[in-house]
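Please read the structure below before turning to the comments.
The values are calculated or read from the model by the stated rules, or taken from the named source; none is laboratory data. The shown structure was predicted, so the numbers you read here are calculated from the model rather than taken from an experiment. With ideal geometry, Cβ positions are generated from the backbone for all residues, glycine too; neighbour counts draw on all protein chains shown. For accessibility, only protein heavy atoms count, side chains too; no ligands or nucleic acids. Shrake-Rupley method; radii C 1.70, N 1.55, O 1.52, S 1.80 Å.
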Amino acid sequence: MMSGDFTQIMRTEHLPTRIATQFSRQIQKGALKPGDKLPTELAMSKSFGVSRTVIREAIAQLRNEGMIETRQGVGAFVIERPTRHIRLDDGGQMDKHAFRDLFQLRVPLEIEAAGLAATYHRAEHLQQMDEALARITATGENANDGIVADLDFHRTIAVATGNDYFVQFLGAISDRIMQTIVASRERLQLVEIVAVVRREHSELRDAIAARDPLRAREAMRTHMRNSAERVALQLEVYA
């Protein structure tokens, strides 16, 4: 059953972030404890008055923030949070200035994460990247699954560094990253952007698989620069 503390979401808000925030608050105050199973997508969809696609994005955000884990065919479960856990205040809808500030933080973090992932990744990380890549190309009714897959791909890189600080920091800004992905998809033809994003992520994956830190950093640098341009930002990305 859904807790009475959850409220329906206004459609003018960034829906996945608002839903994720409500669950996060329930987890933080102990109403949802480690091991507790979240309601089904259908139940949450009805309770919040939103589509199941929105629920999937909210679940992806919570997973990226280290709040829950998902088990295929079983559901989503609250997990024990690490002692050091970073959570930013909900920034709401982002404008061009917020996007710029986000990229100025994200660029050095993601470039270094790519280099470390090339050095320290394990076979399971490559498999997870491949699974995300297969979903990134989703279009039509499943187009929003591509957004979730994009987030999962970058989280896997953070995990592959072997350094939990990268997972924590990138998880803390996952809702902002999601908004940039959504914004870029709204500005460009979906089929066009899916092809470009797939190519950029494939180059990243291959560089990491080759255990080539310099190539991986360069691939991420290019991806960050292009990602900024897709939300109308001209970003200086230094070597």
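In terms of packing, defined here as the mean over residues of other Cβ atoms within 10 angstrom, the peptides 31-43, 99-111 line up highest first as 99-111, 31-43. Find out how many positive minus negative residues lie around Asn226, taking Lys and Arg as positive, Asp and Glu as negative, among other residues whose Cβ is under 12 Å from that of Asn226. Value of the local net charge: +1. If R0 is 35 Å, the Cβ-Cβ spacing of Leu233 and Ala123 corresponds to a FRET efficiency of close to 0.45. Report note on the peptides 194-202, 172-180: ranked by the mean count of other C-beta atoms within 10 Å, highest first, their order is 172-180, 194-202. Charges were assigned to the Cβ only: +1 to each Lys and Arg, -1 to each Asp and Glu. The resulting dipole of the chain about its Cα centre is roughly 280 debye. Only Cα pairs under 8 Å and 6+ residues apart enter the sum, and on that basis the relative contact order of the chain stands at 22 percent.
Here the accessible area of the stretch 178-239 is 49 percent carbon and sulfur, with a 1.4 angstrom probe and all protein chains present. From helices alone, the chain scores -21000 deg cm²/dmol at 222 nm; the rule is -39500 (n - 2.57) for each run of n ≥ 4 DSSP H residues, then divide by the residue total. Which cross-chain or sequence-distant (5 or more) residues have an amide H under 5 Å from the amide H of Ile79, H modelled 1.01 Å from N in plane? Placed amide hydrogens put Gly35, Ile68, Glu69 under 5 Å from Ile79.
Using the Cβ-Cβ distance between Ala210 and Lys33 with R0 = 41 Å, the FRET efficiency computed as 1/(1 + (r/R0)^6) comes to roughly 0.45. Rolling a 1.4 Å probe over the heavy atoms of the protein chains gives the stretch 157-239 an accessible area of 46 Å² per residue. Calculated from the structure at hand, mean projected area of the Cα convex hull in nm² is found among [x] 13.2; [y] 22.0; [z] 12.3 as [z]. Answer with one residue from Ala207, Leu32, Ala117: the one whose Cα lies farthest towards the positive end of the charge dipole of the chain, charges on Cβ with Lys, Arg +1 and Asp, Glu -1. My answer, from the dipole projection, is Leu32.
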